[in-house]
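Down below is the structure, laid out as structure tokens.
Each value in this text was obtained by applying a stated rule to the coordinates, not by laboratory testing. Fair warning: this is a prediction, and the values are worked out from it, not measured in the lab. Heads up, the Cβs are rebuilt from the backbone with ideal geometry, glycines too, and the neighbour counts pull from every protein chain shown.
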Amino acid sequence: MPLYEHVMIARQDLSATQAESLIEHFGTVLSDNGGKLVENEYWGVKTMAYKINKNRKGHYAFLRTDAPAPAIQEMERLMRLHEDVMRVLTIKVDVHAEGPSAQMQKRDERDRGPRERR
């Protein structure tokens, strides 16, 4: 099955447990449609670069999924209809990266590559 990565932004006035229950809800939507939620990360409340629906902050979540295209389409449709979800980004990937995402790594652990002199 194809592999996907999703980033979801939920409203800032939700509690952390409500935001994590949203992740579980959309994971069950995937499993009901023949897919599975491989891994999820709750990134917490972060300040956005610009306002979305009069909100400056939002709960960010990252999902790694292994599901057929119709299951992904159904999950995205339900995310867009859900009143607590503000934005969704879905990307198809060839392989899931091992370990935590760049957001969850500590600043000194990130591989930034060599710096070039100016």
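Things to note:
- Selection of the range 9-42 for residues being more than 20 Å from residue 101 (Cα to Cα), touching a residue at least 60 places away in the same chain (Cβ under 8 Å) and assigned to a helix (DSSP H, G or I) yields only 18.
- Residue within the range 53-62 that is within 11 Å of residue 2 (Cβ to Cβ) and not small (Gly, Ala, Ser) present: no
- Count - residues of the range 25-66 that are surrounded by fewer than 19 Cβ atoms within 10 Å (Cβ to Cβ) and farther than 19 Å from residue 87 by Cβ: 9
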